[in-house]
Amino acid sequence: MIEMLKRQWFVVLVALIFIGFAVFCIYDSNKDRVSGKTNDGKDVVAAMKDDTYIYADDLDKILYNNYGSNLVSTKFQIAVVSQAVKENDELKTQASNYKANFITQAESNMSMYGYTDLKEYINAQLNPLGYDYDTLDEYAMLAVKMNKLTSDYVKAHLDTLFTDYYNAKQPRTVSHILIKMADSQNPTEEEKEKIEKVEKELAAGKDFAEVAKKYSDDTGSKENGGYLGLMDKDTQYVESFKNAAFKLKSGEVSEWVKEDNSSYKGWHMIKVHETDKDKLLKDKDLEDTIVNAILNSDTSNAYGNAIWEASKKLDIKYNDKDLEAQIKASLGLK
């Protein structure tokens, strides 16, 4: 469940609104009932034994200073997303799929956290965000709207954002052939024979993808000719693989890379297809992958900029410049 939620950039922000809102509700619902006492013309919320008083005005300031700016900023962001992105059939389908995937993952994970009732588990996950099982549709729609808003922003500024991402993360497209082993340091005769067949066919000019389909033990990429797609410095591959891949230029193939870890043991042969910035950017098959890579990288503040750009199109007016500055700061903007 955490893995699903952390990919939604607004989740932490949504949480803040409901934490703040809860505090304000507690205060607002009780401030007029706590005490009818006044002191020096001020409403007293609480009185201590030593005649120290907590005044309503002071409590209001404490609550606002600790929660108010976050509350207002997050309400602002949710309102912008809700108004800037209009619902349509495509988004409704995406939200329905998101909800279905959410429930599937919840069913898979709930026993891990000691739950036997799905609704109870989903409520436990979403209540801190202000949602529950009955409002999962709303949560799913907000999630897909946020994704569309940020994705559209990246696509509209792709040339600039990709340049920053490219320079920092060195993206490239790669394929590999994996020969799994019981011990990568001591291959068996059968494993050695398989390695020799790979080397012989490649030396004879056979296409890397065809050899991968024939011999690779990576079931996830084998049928696609060993193609793994776009990788960068943040890609969660083992270090031996990454180190070898980043030493290669376009079209180059590595020597065998030996790997032993808790998941598998074996030898990789890696091919880098493309490292050129312009060619990567012009590859239409990579567009969605590149957009997601930029969104998940630390090279852009796509979320904050997307919200702010959308808010300007809504022609929002700010009577309080300090509040405007707080909202911009919460979005990571100067």
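The values are calculated or read from the model by the stated rules, or taken from the named source; none is laboratory data. Keep in mind that what you see is a predicted model, and the values were worked out from it rather than measured. Using ideal geometry, Cβ is built from the backbone for each residue, glycine included, and neighbour counts are taken over all protein chains shown. Accessible surface areas use protein heavy atoms only, side chains included; no ligands, DNA or RNA. Shrake-Rupley method; radii C 1.70, N 1.55, O 1.52, S 1.80 Å.
What residue, among those in region 203-237 that are within 17 Å of Gly266 (Cβ to Cβ) and of a type in the set (A, V, I, L, M), is farthest from the chain's Cα centre (by Cα)?
Restricting to residues being within 17 Å of Gly266 (Cβ to Cβ) and of a type in the set (A, V, I, L, M), the top hit is Val211.
Going by the conditions given, is Ser300 part of a helix (DSSP H, G or I) and of a type in the set (Ser, Thr, Tyr)?
no
Any residue in region 74-92 that is of a type in the set (A, V, I, L, M) sitting within a Cβ distance under 9 Å of a residue that is surrounded by 19 or more Cβ atoms within 10 Å (Cβ to Cβ) and assigned to a loop (DSSP other than H, G, I, E, B)? List the pairs, counting only those 6 or more apart or interchain.
Pairs that qualify, where the first residue is of a type in the set (A, V, I, L, M) and the partner is surrounded by 19 or more Cβ atoms within 10 Å (Cβ to Cβ) and assigned to a loop (DSSP other than H, G, I, E, B), are Ile78/Phe10; Val81/Phe10; Leu91/Val85.
Looking at (1) surrounded by 13 or more Cβ atoms within 10 Å (Cβ to Cβ); (2) of a type outside the set (S, T, N, Q); (3) assigned to a helix (DSSP H, G or I), can you tell me which one Glu90 breaks?
Failing condition for Glu90: (1).
Answer with yes or no whether Val72 is modelled with pLDDT of 70 or more and within 21 Å of the chain's Cα centre (by Cα).
When the stated conditions are applied, Val72 does not pass them.
Write out, first by first residue and then by second, each pair whose Cβ atoms fall under 9 Å of each other, whose residues are 6+ apart or on separate chains, and whose first residue, in region 100-112, is touching a residue at least 24 places away in the same chain (Cβ under 8 Å) while the second is exposed (fewer than 12 other Cβ atoms within 10 Å of the Cβ) and assigned to a helix (DSSP H, G or I).
Gln105/Glu3; Asn109/Ile2
Please enumerate the residues belonging to region 239-258 that are open to solvent by less than 40 Å² (accessible area, probe 1.4 Å) and either of a type in the set (A, V, I, L, M, F, W, C) or at pLDDT below 95 (or both).
Going through region 239-258, the residues open to solvent by less than 40 Å² (accessible area, probe 1.4 Å) turn out to be 240-242, 244-245, 248, 254, 257.
Phe241, Ala244, Ala245, Leu248, Val257, listed by residue number.
Please return the ranges of helices (runs of 4 or more DSSP H) entirely within region 98-215 where 3 or more residues are open to solvent by 70 Å² or more (accessible area, probe 1.4 Å). I'd like the intermediate steps shown before the answer.
Numbers: elements: 118-126, 136-156, 158-169, 189-203, 208-215.
By residue number, 136-156, 158-169, 189-203, 208-215.
Kindly indicate the residue of region 301-330 that is hydroxyl-bearing (Ser, Thr, Tyr) and at pLDDT below 90 and also farthest from Ala143 (Cα to Cα) among those meeting that condition.
Only one residue tops the list, namely Tyr318.
Looking at (1) within 26 Å of the chain's Cα centre (by Cα); (2) modelled with pLDDT under 95, which is the only condition Tyr165 fails?
(2) is the only condition that Tyr165 fails.
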